[in-house]
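One structure is given below, encoded as structure tokens.
The values are calculated or read from the model by the stated rules, or taken from the named source; none is laboratory data. Since this is a predicted model, take the numbers as computed values, not measurements. Here Cβ is always computed from backbone atoms with ideal geometry, including for glycine, and neighbour counts include all displayed protein chains. Each accessible area value is taken on the protein alone, full model and side chains, heavy atoms only, with ligands, DNA and RNA left out. Shrake-Rupley method; radii C 1.70, N 1.55, O 1.52, S 1.80 Å.
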Amino acid sequence: MRETFDAIIIGAGVIGTAIALGLARKGLSVLGVDRLPAAGYGSTSGSCAIVRPYYSTVDGCAIGWESHFYWRDWAAFLDADDERGLARYVNCGCLRLKSPANGYLKSTIGLMDEIGCPYEEWSGEQVLERMPGVVLDSFGEAKPVDDPSFGQPAGPPLPGGVFFPDGGYVNDPQLASHNLQRAAETAGARFRFRVAVTAIRTTNGRVAGVTLDGTEDVDAPVVVNVAGPHSHKINTLAGVVEGMNIRTRALRHEVCHVPAPTGVDYENRGFVFNDGETGVYIRPEIGNHILIGSEDPPCDERQWVDPDDFDRDFTEQWRVQVMRLAQRMPELGIPSRSKGVVELYDVSDDWIPIYDKSDLPGFYMAVGTSGNQFKNAPIVGEMMAELIEACEAGHDHDDDPVSFHLRYVDRTVSLGFYSRRRAINRDSSFSVLG
Ligand SMILES: Cc1cc2nc3c(=O)[nH]c(=O)nc-3n(C[C@H](O)[C@H](O)[C@H](O)COP(=O)(O)OP(=O)(O)OC[C@H]3O[C@@H](n4cnc5c(N)ncnc54)[C@H](O)[C@@H]3O)c2cc1C
């Protein structure tokens, strides 16, 4: 007997499980499928899971700030038990350094004022007092470590930073996905793991279902591509790439995991910390460790890869990122053994995601999350459910974009912002900052 659902979600990462929840809460029968053994085992498992309100666009900021409230109220949002416990939101706040290159954060402050998001401007003295272990030397733009001026002061010390209290990180991104899976199951969704979608089937010009492992057909009038770094492959299977102005591809990234300098209690006193001059961002990790990610400075070559064939070992990039942070934290040791994760971003042409329908009726996508959408997953689940419900009821989202109300920050956004057909958004940072 062939099974039939109202919707099939391809991918059970943090975004796929959130969309399964959103659709199940609207009363649809939902099947989530993933080729890995459990929810959140794909790129979500390597996420730094930072929650922050600053992006380069006003909609990006509003949604990023809104996400803080979902994580703060995580148990109430889920309204379901998980035998593994719940992921924890560490609301430590985020600090960004002001520098000449980022215009001393004037545009970020303007965006925060526009949406009403709280922030505090800290002088250099306040940064040194409150952020353990850092110096405020100016290094100019990020550079390769073999550049003769690497680590050399490039101007007067930085004047301070901006602190955002509504931010932090989620301690276990894989567990957060599992929480969403359990909440979706409580709302009636089903999940199957260790099965790969190998074909998207169509009938009479609309989607009819998927084929699993080349052998089993499952039917549904709605199929959603949430395949993370495999998004382009799934869109190719569905034959919808030609109808997209924005494309996606997989980008390899290394995240370093190092002990905090001796005497620095970064785990309990530290914040999420963005430093455009050294080109890294960091956050606390258990065991008084520091996670170091890259802000993708222009001097680093981008490693576009096949998501089914890439190097999972650390390279020289790992040492580069640690040395970059060591400029800002001079007492940081450079461990001889590399620890951390090597994972993939699913990057769109303008580093802003695509949350949209496609030219194939019934086929939708939540892709191109560009290393910056973990935080937004619970909102994306609700947004996609609204969008799919409207389109399936006959609404022309391409012509008249569906809007979505952000209930905590009380602001309405047009989902046309995330259209596959948009022109490249030139306001974007074209980096992980979105
Ligand atoms: C190193 C790193 C650091 C990051 N840091 C942050 C951060 O600090 N803050 C933030 O907000 N965001 C961050 N992100 C981004 C964030 O983690 C992602 O946007 C998010 O996890 C994407 O979730 P997803 O569900 O779309 O994708 P994934 O978690 O990749 O899930 C996709 C799933 O699809 C499955 N799949 C693929 N093809 C098939 C198929 N044919 N059949 C069945 N299943 C299939 C895969 O197995 C996978 O499980 C980071 C990402 C990375 C990689």
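What net charge is computed for the residues neighbouring Phe163, neighbours being all others with C-beta under 14 Å from the C-beta of Phe163, Lys and Arg scored +1, Asp and Glu -1?
-1
Relative contact order for the range 165-268 using alpha-carbon pairs under 8 Å, separation at least 6, rounded to a whole percent? Please list the in-between numbers first.
Numbers: 79 pairs, mean separation 13.7, N = 104.
Dividing the mean separation by the residue count of the range 165-268 yields 13 percent.
Short-range pairs are left out: with C-alpha atoms under 8 Å and at least six residues apart, the relative contact order of the range 283-376 is 18 percent.
Considering the chain as a Gaussian network with a 10 Å cut-off on Cα pairs, which listed residue, Asp172, Asp313, Asp349, attains the greatest mean-square fluctuation? In this elastic network of the chain, the residue with the biggest mean-square fluctuation among Asp172, Asp313, Asp349 is Asp313.
When the Gaussian network model of the chain links Cα atoms closer than 10 Å, the mean-square fluctuations of Arg206, Arg25, Arg420 top out at Arg206.
Structural descriptor for the chain: relative contact order 23 percent, calculated from alpha carbon pairs under 8 angstrom and at least 6 residues apart.
Just checking the listed ones, Thr203, Thr315, Thr57: in the Gaussian network model of the chain with Cα springs under 10 Å, the one fluctuating most is Thr203. Among Met244, Ala393, Ser29, whose Cα lies farthest out toward the positive end of the dipole of the chain, if unit charges sit on the beta carbon of Lys, Arg (+1) and Asp, Glu (-1)? Most positive-ward Cα: Ser29. A simple charge model with +1 on the Cβ of Lys and Arg, -1 on the Cβ of Asp and Glu and nothing else charged puts the dipole of the range 187-346 at about 360 debye relative to its Cα centre.
How much length would be gained if the chain were fully extended between Thr4 and Asp147, taking 0.36 nm per residue of separation minus their Cα-Cα distance, in nm to one decimal?
Full extension from Thr4 to Asp147 adds 45.5 nm.
Its Cα centre serving as origin, the chain has a Cβ charge dipole (Lys and Arg +1, Asp and Glu -1) of approximately 360 debye.
Taking a ≥ b ≥ c as the square roots of the eigenvalues of the Cα gyration tensor, the chain is prolate, since a/c reaches 1.5 or more and a/b is larger than b/c. Enter the angle in degrees (range 0 to 90, nearest 10) between the Cα long axis of helix 316-328 and the first principal axis of the Cα atoms of the chain, meaning the one along which they spread out most. For 316-328 against the chain, the angle is about 50 degrees.
Ranked by the mean number of other Cβ atoms within 10 Å of their residues, highest first, the peptides 371-379, 408-416 come out as 371-379, 408-416. For the residue pairs Lys26/Lys375; Lys98/Lys143; Lys339/Lys375; Lys106/Lys339, the C-alpha atoms sit more than 27 angstrom apart in Lys106/Lys339.
Can you work out the accessible area per residue across the chain, with the rest of the protein chains kept in place, probe 1.4 Å, in square angstrom?
Ligands and nucleic acids excluded, the figure is 39 Å² per residue.
Across the options Trp71, Thr108, Phe310, the greatest Cα extent toward the positive end of the charge dipole of the chain (unit charges at beta carbon of Lys, Arg, Asp, Glu) belongs to Phe310.
Simple spin-label estimate for Ala423 and Ser336 gives 5.7 nm between the two label positions (7 Å along the Cα-to-Cβ direction from each Cα). Using the Cβ-Cβ distance between Arg88 and Asn288 with R0 set to 22 Å, the FRET efficiency works out to roughly 0.85. Normalised by 2.2 N^0.38 Å, where N is the number of residues, the C-alpha radius of gyration of the range 305-370 stands at 1.66.
Secondary-structure-derived ellipticity at 222 nm for the chain, considering helices only, amounts to -7000 deg cm²/dmol, per-run term -39500 (n - 2.57) for DSSP H runs with n ≥ 4.
Which of Pro157, His178, Ala196 sits farthest toward the positive end of the charge dipole of the range 137-221, with +1 on the Cβ of Lys and Arg and -1 on the Cβ of Asp and Glu? Towards the positive end, the residue furthest out is Ala196.
Rounded to the nearest 10 square angstrom, His178 shows an accessible area of 10 square angstrom against a 1.4 Å probe. What you get for the range 287-434, charging only the Cβ of Lys and Arg (+1) and of Asp and Glu (-1), is a dipole of about 780 debye around the Cα centre.
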